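Colleague: Questions regarding the structure given below will be posed in turn.
Values quoted throughout were computed directly from the atomic coordinates according to the rules given, and no laboratory measurement underlies them. Because the structure is a prediction, the values reported are computed rather than measured. So basically every Cβ, Gly included, is an ideal-geometry build from the backbone, and we count neighbours across all protein chains shown.
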Amino acid sequence: MEPEEEMFWRYVAREDMHLQRCRSCERWLAPPGPVCPDCLSRSLEWSAISGDGTVWSYTVYRHSFADHLDARVPYALVLVETAEGPLLMGNLIGADFGPALIGMPVRVEYGAADDLPSYRFVPAARDH
Ligand SMILES: [Zn+2]
């Protein structure tokens, strides 16, 4: 695992979502990396994000492709447009998997998967 990726998961383990941001052009980096893909600056810093956002795109898995995923189907892999702007990928649970997923408000929830720190998205309350 790359050091930047390792750092991302270290924040997740603390139930604290952080992404890298370029100090030169302010672009967010997701997934993390050693260099800004826009301006090639290596001057990056970790900034906290809320984990709140809306579903921007998704794929629903109704069949598992590995034994250890059997109990998890159906689940959706979503690309979430976070409140801060960057797109963050994760699993979505607890929602009906239909066209209404696009634009659905979600929030991040932390937990462990296979004994490793993990996060997923769940539908957010719509009344705020
Ligand atoms: Zn940059």
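Colleague: Could you give the size of the charge dipole of segment 45-106 about its Cα centre, using +1 on the Cβ of each K and R and -1 on the Cβ of each D and E, expressed in debye and rounded to the nearest 20?
Modeller: Here segment 45-106 has a charge dipole of around 220 debye.
Colleague: Angle between the Cα long axis of helix 3-13 and the longest principal axis of the chain, 0 to 90 degrees, nearest 10?
Modeller: 50
Colleague: Ratio to report: Rg/Rh of segment 1-61, with Cα atoms as the point set and Rh obtained by the Kirkwood method; give two decimals.
Modeller: 1.01
Colleague: Same structure, new question: Find, among the trypsin sites (Lys or Arg not before Pro) in segment 54-115, those assigned to loop by DSSP (not H, G, I, E, B) with at most 13 other beta-carbon atoms within 10 angstrom.
Modeller: Arg62
Colleague: Let me ask something additional. May I ask for the net charge around Pro86, where only other residues with Cβ less than 13 Å from the Cβ of Pro86 are counted and Lys, Arg are +1 while Asp, Glu are -1?
Modeller: Within the 13 Å Cβ shell, the charges total -3.
Colleague: Further, regarding this structure: Quick one: net charge around Tyr75, please, counting Lys, Arg +1 and Asp, Glu -1 for every other residue with C-beta under 12 Å from its C-beta.
Modeller: Value of the local net charge: +2.
Colleague: Another one. Using just the alpha carbons, could you tell me how many Å³ per residue the convex hull of the chain encloses?
Modeller: Per residue, the Cα convex hull of the chain comes to 123 Å³.
Colleague: Loop by DSSP (not H, G, I, E, B), at most 16 other beta-carbon atoms within 10 Å: where is the longest site-free stretch of the chain for GluC sites (Glu not before Pro)?
Modeller: Maximal segment without exposed cleavage sites: 27-128.
Colleague: Indicate, rounded to the nearest 5 percent, the antiparallel portion of the DSSP beta bridges found entirely in segment 50-128.
Modeller: Around 95 percent antiparallel, to the nearest 5.
Colleague: With each pseudo-label sitting 7 Å past Cα toward Cβ, what's the Asn91-Ala71 distance in nm, one decimal?
Modeller: So the two model labels end up 1.1 nm from each other.
Colleague: Next up: Quick one: dipole size for segment 81-121, taken about the Cα centre, charges +1 on Lys/Arg Cβ and -1 on Asp/Glu Cβ, in debye to the nearest 20.
Modeller: Dipole about the Cα centre, nearest 20: 100 debye.
Colleague: If neighbour count is taken as other Cβ atoms inside 10 Å, put Asp16, Asp96 in order from fewest to most.
Modeller: If I rank by nearby Cβ atoms, fewest first, I get Asp96, Asp16.
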